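Down below is the structure, laid out as structure tokens.
Computed from the coordinates by the stated procedures, all read-outs in this text should not be read as laboratory data. Here the structure is a predicted model, which is why all the values come from computation and not from measurement. In this analysis, Cβ positions are derived from the backbone assuming ideal geometry, glycine residues included, and neighbour counts consider all displayed protein chains.
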Amino acid sequence: MMRARRRAIALAVSLVTCGACGDGGSEARTTTRAATLPTGEFLLVSDDSTVWVRIGTHGARVQRSPLVLATLDGRLVELFAADAVREHEGASFTWGRLWVRDLVRNDSALVFEEPTVRDEAAAYARTHRGDPVLDESEGESAGTPPHAVTASVTMLDVAGPLAGIEVHVDRWRDDSLVSHDTRWLTIDLARRSRVALATLVGDTAASRVRAEAARALARAADDAARAPVATAATAASVLRSLAIDDDGWVLDVAAPTPAVRFLAHRSHADDAHRFTLPAVAIPAPTWWRDVRASLPSADADSVTTRFGTAPLVIETTSDTGDVATVRVAGTTLLRIAGPVRRFIPLDASLAHPDSAWRPALQRAFVDAGYYSDEARAVRHAGPRPSGARLRPALAIRRRSVRAASPFQ
């Protein structure tokens with residue numbers, strides 16, 4: 001069973017009365033104005049939680065859970081991160097992995113493994129055979145090694161089969177941070193591989209988009225140089241030192257038309273220099289129309305976002321403290337730790353019949369009620385890493401899995 005940190009979601013609203021609903025999290029039910037609500041059933045997904053809303057003649061029922069859900073080929077899936085750990089007396093390596101779990105089949109597949117630190121761990125094992133891999137108890141008692149490299153993976157947005165992720169790589173020497181770098185990547189969850197921009201939009205469009213991003217970076221440097229502040233020259237110099245990776249992009253899901261953003265970056269001691277570039281429009285992927293209603297559409301005020309289509313249009317308004325108020329047909333249903341990333345309608349568009357996905361979804365909500373700081377194993381079709389050790393972290397659920405030895 002998998003364990004992870006649970007993050008509370010506020011459900012304090014004037015029209016909703018709350019009560020416990022067992023291990024599946026909190027449930028709330030509207031007591032008035034039920035006739036004004038359109039019938040429907042959907043999920044709202046934030047960075048580390050999912051809310052299940054059911055609206056009918058009874059009013060609205062709301063259930064929450066510390067799950068991060070999405071759809072893949074019409075199937076409900078859970079997304080989570082797991083860190084692989086390889087420790088020696090002289091060095092420690094931790095690298096992020098991204099997994100997808102099919103709720104109906106209840107199995108997990110590895111879709112991304114950060115390659116830089118993984119390969120460094122393999123190289124160290126080959127060249128330092130006198131420094132064997134430590135098991136869990138030895139690693140905990142050995143203290144901090146003089147050399148440590150960590151690469152964490154954080155989920156950004158999901159659109160169709162594509163997931164944007166942010167990768168942070170930190171290098172330590174004798175407890176001092178040597179360098180920190182941040183980069184963006186986009187992963188095809190179905191194909192379990194990184195996606196080049198040319199693969200998504202073609203070579204010609206990809207070249208145009210990269211060139212436009214490079215011009216935007218150059219304009220930002222020129223603007224910084226002309227700023228009437230003492231640090232103008234330094235800021236301009238830093239911007240001109242940044243690089244744009246060909247695969248360092250993510251989809252901008254809030255844009256009215258398909259667009260991508262690049263993260264210009266450069267590794268640096270103590271912190272990374274990085275700059276998010278303006279969105280650049282791209283040709284619409286073939287699947288864009290099918291998923292657009294599940295993604296946020298921002299109002300001009302940049303405070304209110306909308307999901308879905310008539311008559312079931314969900315509005316979320318950002319409050320203070322990263323909390324969003326959710327309304328349907330003008331009726332406030334709940335407040336949720338935001339921002340809300342995805343709207344998933346629970347209808348005939350799901351690949352499995354109701355009799356398959358509904359109990360699987362309910363089971364996932366119930367299981368998540370037991371998430372804690374303890375370890376939970378990953379169930380998947382392939383071989384398990386030996387000596388599994390799992391730890392939670394921020395954003396989507398994160399676990400640490402000790403890499404098998406010898407290193408493969």
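Okay, here's what the table says:
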read-out: Size-normalised alpha-carbon gyration radius of region 99-138, reference 2.2 N^0.38 Å; value: 1.75
read-out: Per-peptide average of other Cβ atoms within 10 Å, ordering 43-52, 118-127 highest first; value: 43-52, 118-127
read-out: Amide H contacts of THR50 (H built 1.01 Å from N, under 5 Å, at least 5 apart or other chain); value: SER65, LEU67
read-out: Percentage of interatomic Cα-Cα distances in region 83-184 larger than 17 Å; value: 59 percent
read-out: For region 56-111: rounded, prolate or oblate by the Cα gyration tensor [a/c cutoff 1.5]; value: prolate
read-out: Inverse of mean 1/r across different Cα pairs in region 172-308, Kirkwood, Å; value: 17.0 Å
read-out: Spacing of the two label points (7 Å from each Cα toward its C-beta) at ALA356 and ARG208, in nm; value: 4.1 nm
read-out: Residues with amide H under 5 Å from that of ASP319, placed H, sequence gap 5 or more; value: ALA324, THR325
read-out: Residue order, fewest to most surrounding Cβ atoms within 10 angstrom, among ARG240, ARG335; value: ARG240, ARG335
read-out: Gain on full stretching of the segment that runs from ARG226 to HIS58 - 0.36 nm per residue minus C-alpha separation; value: 54.3 nm
read-out: Lys, Arg +1 and Asp, Glu -1 on Cβ, resulting dipole of region 130-254 about Cα centre, debye, nearest 20; value: 860 debye
read-out: Inter-site label distance for THR39 and ARG363 at 7 Å from Cα along Cβ, in nm; value: 2.9 nm
